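Student: Below is one structure. I have some questions about it.
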Amino acid sequence: MNDTVLADNQARAQEMLATQWQLFLDGGLRDAQNGATFDVVSPHAEQVIAQVPNASVDDADAAVAAATRAWPSWAAMPPTERAKYVSQIASIIEANRDDLALLDAVDGGAPIGIMAMDVNHSAAVCRYFAGLALETKGYSVPLTTGTHFTVREPYGVVAAIVPFNHPILFAVTKLAAPLVAGNCVILKPAEATPLSALWLGKLLSDVFPPGVVQILTGDGPTVPSRLVKHPDVTRISFTGSEQTGRRILRDAADTGVKEVSLELGGKNAMVVYPDADPQEVADAAFRGMNFAWSGQSCGSTSRLVIHETLADKVLNLMVDRLQGRRIGNPVDPSNEQGPMVDKRQFDRVTGFVSEAVEQGARVVCGGGTPATAQHGYYFEPTILDGVDTTDRVAVEEIFGPVLSVIRWNDGDDPVDIANSVRYGLTGSVFSNDVRLALRAAKRIRAGYIWINGSARHFIGMPFGGYKASGLGREESIEELLSYTQVKSIHIVDEVTS
Ligand code: NAD
C-alpha cells in the first residue's frame, strides 16, 4: 500500500516540479524582471529539483509600488469583507493540502504527513483571524461633554519575511492577521524552501485584488533587505534567526521609523523536578524535540534540565522510543523523519555534536547519519548526556535533532540553569507539585511555558519570545492588533480659549 502511495507521490511531485515557477507580483505571475533564477536542491536526493525566480531590487520596488496602489481600497473595505478573503485562503489551501504538503516534503525534507498537519494548522489560523475581524476596534473615554474615541488603522505595506522550517505554515499564517487588519502584504519565503509559497501564489492569483498579496523569492538578502529599507514599508514582520533579526532592526532604524516584530531562535529548557513521572517526561521530551522536523523548530525544548534521580530512567525510556524510528524519504508516508533542510544545516549540526563529544559529552543515542541513508542530509535523533551548562551545545541554538541533557542535584536551582542562556522563547516544567511548578513557570524568562507538557501550540494564546528570542506576539489577538496603529479622535463640543 505504502509503495503505491510513494510512487503516486513521486509522480505527482515530478509533475508539480515541472511547472513554470513565477513570482506573484501586482496580480500576475511573472518572471524576475532580469530573468534570473536560482536552484532549489532536494535535501533527500541532493539534486537540483527546480529553478525559481531570483527577484531583484527592481522587483521588490515594483511590489512595494503595487501594494501602495492597492492599499487604500483594501483598507477601505469593511473588515468582515476582508475576513472573507482570508477564510477563502483557508478553503483553498485545504483543497490543495496534499499538493502543498508534498512540495514542502520534497523541498524542506520533513515527512509529508506532518507537513499536511502544517497545512491544516495554517487554515485554522486563517479562520481564527478572520473571526476576529471586528476586534480591530477602538474605545471611547467619557472625558468631557464632547466625544473622545480611538480607531485602529492599518500600517499600509507589510513586509513578511519567513524562515525555511515550516514553509507553507509561515507563508500562510504571516498573511492572515495583516490582511484582516487592512494591510497589503509582500511575502518573502526562505531561499531554501520557496516552492510551496510560490505554489500558493498560483492558487491565490485570481483571488485578491492586484497588489494586496505578493510573493517574491530571491537568493540571499537582496530582496528582503530592500523591503526592510524601503521608505514605503512601515511594518516588518520577521521570523528567522537572531542574527538576521538584529540586522533587520539596524536596517529598519537606519532607513526610517518602522514597526518591527521578530520571532527568533530559542534554546528552550524542559525543567524536570524529582517527583515527575518518568514516562510522561520521556514522552514530552521526545515530542518537545520536534524530531519529525529533524529538530528544526524554534520552540523545541532542546535542553533537558533534569534531576539526577530521574535522568537514567527517562533517557532509557527515550532511547526505547527512538529505536526503530523510520527515517527516510519524506514523500514516503510511512517515514517519521526526513533529512535536514540543506548541507549548511547538516554541517552545522555535525559540528556541534563533534565539538560536544570532544568536550566530554556522552552520546546516548544517534550522533550521525543513519546507516540506511545512501544520500541526503539525514541526521539521527541524538541525545547528548553529561552536558555542562556552559558548553556550546547548552547555550547556542543548534536547530537540529540534538537534545542536550543537563543533570542537576539538590542544591542546584534548575530555573537558574534554564535562565542562563541568551534566549527565552519557550520552556517546560515537569512536577506534580502545582505550587512548585507554577513558581518555576513564573520565574522562567520565556514567552510560552508548558506545565507538564511540551511542543503544542494553542491558537489564541500569544506566542513569542523574551530576551534574544524576539519582539512581539503572534497566534493571538495581540498579533492582529500589532498590524494596526491607534488614532485618538476628539469631537469637541465646547469652545475653549
Ligand atoms: P534566517 O534568519 O537565515 O532567514 C530567515 C529569512 O530572512 C529568509 O527568508 C532570508 O532570506 C531572510 N534574510 C536573510 N538576510 C536578510 C536581511 N539582511 N534582511 C532581511 N531578511 C533577510 O533564518 P533560517 O535559517 O531560515 O531559519 C532558522 C531560524 O529561524 C532559527 O533561528 C529559528 O529558531 C528561527 N525561527 C523562529 C521562529 C519563532 O517563531 N520564534 C519560528 C521558526 C524559526
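The values are calculated or read from the model by the stated rules, or taken from the named source; none is laboratory data. Note that the structure is a prediction, hence the values are computed from the model and not measured. Backbone-built Cβ (ideal geometry, glycine too); neighbour counts: all protein chains shown.
Student: Please specify each residue of region 433-455 satisfying the condition of being touching a residue at least 60 places away in the same chain (Cβ under 8 Å) and charged (D, E, K, R).
Tutor: Matches in region 433-455: D433 only.
Student: Of the residues V207, V257, V213, V271, only one is closer than 27 Å to L471 by Cβ, more than 13 Å from the ligand (Cβ to nearest atom) and surrounded by fewer than 24 Cβ atoms within 10 Å (Cβ to Cβ); which?
Tutor: Working: V207 fails: closer than 27 Å to L471 by Cβ; V213 fails: surrounded by fewer than 24 Cβ atoms within 10 Å (Cβ to Cβ); V271 fails: surrounded by fewer than 24 Cβ atoms within 10 Å (Cβ to Cβ).
Answer to the check: V257.
Student: Pick out, from region 36-113, the helices (runs of 4 or more DSSP H) lying fully within it that include 3 or more residues that are over 29 Å from V180 (Cα atoms), over 24 Å from the mean Cα position of the chain (by Cα) and among the charged types (D, E, K, R).
Tutor: Qualifying helices (runs of 4 or more DSSP H): none found.
Student: Those residues that are assigned to a loop (DSSP other than H, G, I, E, B) and without any contact (Cβ under 8 Å) to a residue 40 or more places away in the chain, I need them from region 388-414; list them, please. Reasoning before the result, please.
Tutor: Looking only at region 388-414, we keep the residues that are assigned to a loop (DSSP other than H, G, I, E, B), and these are 388-391, 396-401, 409, 411, 413.
Correct list: D388, T389, T390, D391, G411, D413.
Student: Could you list, ordered by first residue, the pairs with Cβ atoms under 8 Å in which the first is in region 465-488 and over 22 Å from V86 (Cα atoms) and the second is more than 10 Å from the ligand (Cβ to nearest atom) and of a type in the set (F, W, Y), at least 6 apart or interchain?
Tutor: From region 465-488, the pairs are S488/F149.
Student: Can you tell me which residues in region 301-320 are crowded, with 17+ Cβ neighbours inside 10 Å and either outside any loop (DSSP other than H, G, I, E, B) or in contact with a Pro (Cβ under 7 Å, 6 or more places away or on another chain) (or both)?
Tutor: If the condition is that a residue be crowded, with 17+ Cβ neighbours inside 10 Å and either outside any loop (DSSP other than H, G, I, E, B) or in contact with a Pro (Cβ under 7 Å, 6 or more places away or on another chain) (or both), then R303, L304, V305, I306, H307, L310, A311, V314, L315, L317, M318 are the ones that fit.
Student: Let me ask something else about it. Can you tell me which residue is surrounded by the most Cβ atoms within 10 Å (Cβ to Cβ) among those in region 454-470 that are hydrophobic (A, V, I, L, M, F, W, C) and in contact with a strand residue (DSSP E or B) (Cβ under 9 Å, 6 or more places away or on another chain)?
Tutor: Restricting to residues being hydrophobic (A, V, I, L, M, F, W, C) and in contact with a strand residue (DSSP E or B) (Cβ under 9 Å, 6 or more places away or on another chain), the top hit is F463.
Student: Across region 131-190, what is the total count of residues that are touching a Lys or Arg at 6+ places or on another chain (Cβ under 8 Å) and in a strand (DSSP E or B)? Can you show your working first?
Tutor: We begin by selecting, within region 131-190, every residue touching a Lys or Arg at 6+ places or on another chain (Cβ under 8 Å); these are 133, 136-138, 150-153, 155-162, 178-183, 185, 187.
Checking the rest, the ones that are also in a strand (DSSP E or B) come to 150-153, 157-161, 185, 187.
Here the count works out to 11.
Student: Let me ask something else. May I ask you to list pairs of residues, at least six apart or on different chains, whose Cβ atoms are under 8 Å apart, with the first in region 163-180 being in the same structural domain as L480 (by TED's automatic domain parsing) and at pLDDT below 95 and the second being within 11 Å of the ligand (Cβ to nearest atom) and hydroxyl-bearing (S, T, Y)?
Tutor: Short answer, once both residue conditions are applied: none.
Student: List pairs: first residue in region 415-432 and closer than 15 Å to V393 by Cβ and basic (K, R), second residue within 16 Å of the ligand (Cβ to nearest atom) and in a strand (DSSP E or B) anywhere in the structure, Cβ distance under 8 angstrom, at least six positions apart or on different chains.
Tutor: Here the result reads R422/K467, each pair linking region 415-432 to a residue that is within 16 Å of the ligand (Cβ to nearest atom) and in a strand (DSSP E or B).
Student: Exactly one condition in (1) at pLDDT below 95; (2) surrounded by 14 or more Cβ atoms within 10 Å (Cβ to Cβ) is false for T496; which is it?
Tutor: (2)
Student: Right, here's the next one. Based on this model, can you work out whether L198 counts as assigned by TED's automatic domain parsing to the domain that holds Q20 and within 14 Å of the ligand (Cβ to nearest atom)?
Tutor: Yes; evaluated as a whole, the condition is true for this residue.
Student: Moving to a separate point now. Starting from region 230-244, keep only residues that are in contact (Cβ under 8 Å) with a residue 12 or more places away in the chain and assigned by TED's automatic domain parsing to the domain that holds F170, then list their pairs with residues that are within 11 Å of the ligand (Cβ to nearest atom) and assigned to a loop (DSSP other than H, G, I, E, B) whose Cβ atoms are within a distance under 6 Å, requiring at least 6 positions of separation or different chains.
Tutor: Sorted first by the residue in region 230-244, then by its partner, the pairs are T239/V162; T239/P163; G240/P163; S241/G265; E242/L264; E242/G265; E242/A468.
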